[in-house]
Structure formats: structure tokens, C-alpha cells
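First comes the structure, then the notes that go with it.
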Amino acid sequence: MTAAPAPDGALPAPDVVGASARVRLDEVIHAPVRLSIVAALAATDEAEFGAVRDAVEVSDSALSKHASALEQAGYVAVRKGYVGKRPRTWLKLTPPGRDALAAHLAALRRIAGDA
């Protein structure tokens, strides 16, 4: 639902931009790096750690920290394995993660309206 422009320069109603609207935001994925990670993963079935790191433009340690938080929330699945003798890590957005991203984006759209 998008807020229509208010007549006479009036501000949007509190249910559109106030606390009740902000409560719909997902605190786990609201952080910019986490939002970037889930958005990147939403575009694919599974991605190698290095590819996500490069796409999101963060360090290995930052991606690891944020991926762990997303995994704890059940939004990202982490799979470890080997390619030849080299260890690899893959990240995948889970169905609850996809739902959380969709709900978070809907909340942002509602707050932003036509801005």
C-alpha cells in the first residue's frame, strides 16, 4: 500500500511513517550489509562465499560475521565443502529468509510511499 500525497502539504499519517510502520522492519536484515547479502542471495539458488563477498564489497571477516547472524536467524544456510583440496563455503537464502526480505522491502515501500 502506497501513501497518496497529502493535500495541503500535510504529513503522512503515523500508521504510514510512525512507530507502527517501523515495527514491520526486520531488525536482522535492516543493517545495510545484511540487506545487501540477502538481496544478492535472492538472485540465485546458492553462491560461493567469495562471490558474495565481491558482490557486496566487504571483507571476509565482515561477511563471515553478518552471514553468521543471518544463519542464526534462519535466513541463510551455510554449507561447507571442498573443491579439490580447497575448502569452500556456500551461502543460500532460505525460504524464511526470502519471506523476511519480501516483508522488509514491503515495509520500506510503505514507509517511503512515492518518495
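The values are calculated or read from the model by the stated rules, or taken from the named source; none is laboratory data. Quantities reported herein were computed from a predicted structural model and do not represent experimental measurements. Neighbour counts are summed over all protein chains in view; Cβ atoms, including those assigned to glycine, are modelled from backbone coordinates with ideal geometry.
Summed over segment 19-56, the residues that are part of a helix (DSSP H, G or I), within 9 Å of the chain's Cα centre (by Cα) and over 19 Å from ARG79 (Cα atoms) give a count of 7.
Checking each residue of segment 57-78 against the condition of being at pLDDT 95 or above, exposed (fewer than 12 other Cβ atoms within 10 Å of the Cβ) and either on the phi > 0 side of the Ramachandran plot or part of a loop (DSSP other than H, G, I, E, B) (or both) gives at least one match. Looking at segment 1-53, which of the residues that are among the acidic types (Asp, Glu) and modelled with pLDDT of 95 or more is nearest to ARG110 (Cα to Cα)? Ranking the qualifying residues of segment 1-53, first place goes to ASP45. Of the residues making up segment 74-115, those that are of a type in the set (Phe, Trp, Tyr) and under 14 Å from LEU41 (Cα atoms) are TYR75, TRP90. Would a scan of segment 34-52 turn up a residue that is among the basic types (Lys, Arg), buried (at least 17 other Cβ atoms within 10 Å of the Cβ) and out of contact with any Gly (no Cβ under 8 Å at 6 or more places or on another chain)? Yes: segment 34-52 contains one or more residues that are among the basic types (Lys, Arg), buried (at least 17 other Cβ atoms within 10 Å of the Cβ) and out of contact with any Gly (no Cβ under 8 Å at 6 or more places or on another chain).
Is there a residue being of a type in the set (Val, Ile, Thr), over 14 Å from the mean Cα position of the chain (by Cα) and under 30 Å from ALA13 (Cα atoms) anywhere in segment 82-99? Among the residues of segment 82-99, not one is of a type in the set (Val, Ile, Thr), over 14 Å from the mean Cα position of the chain (by Cα) and under 30 Å from ALA13 (Cα atoms), which makes the answer no.
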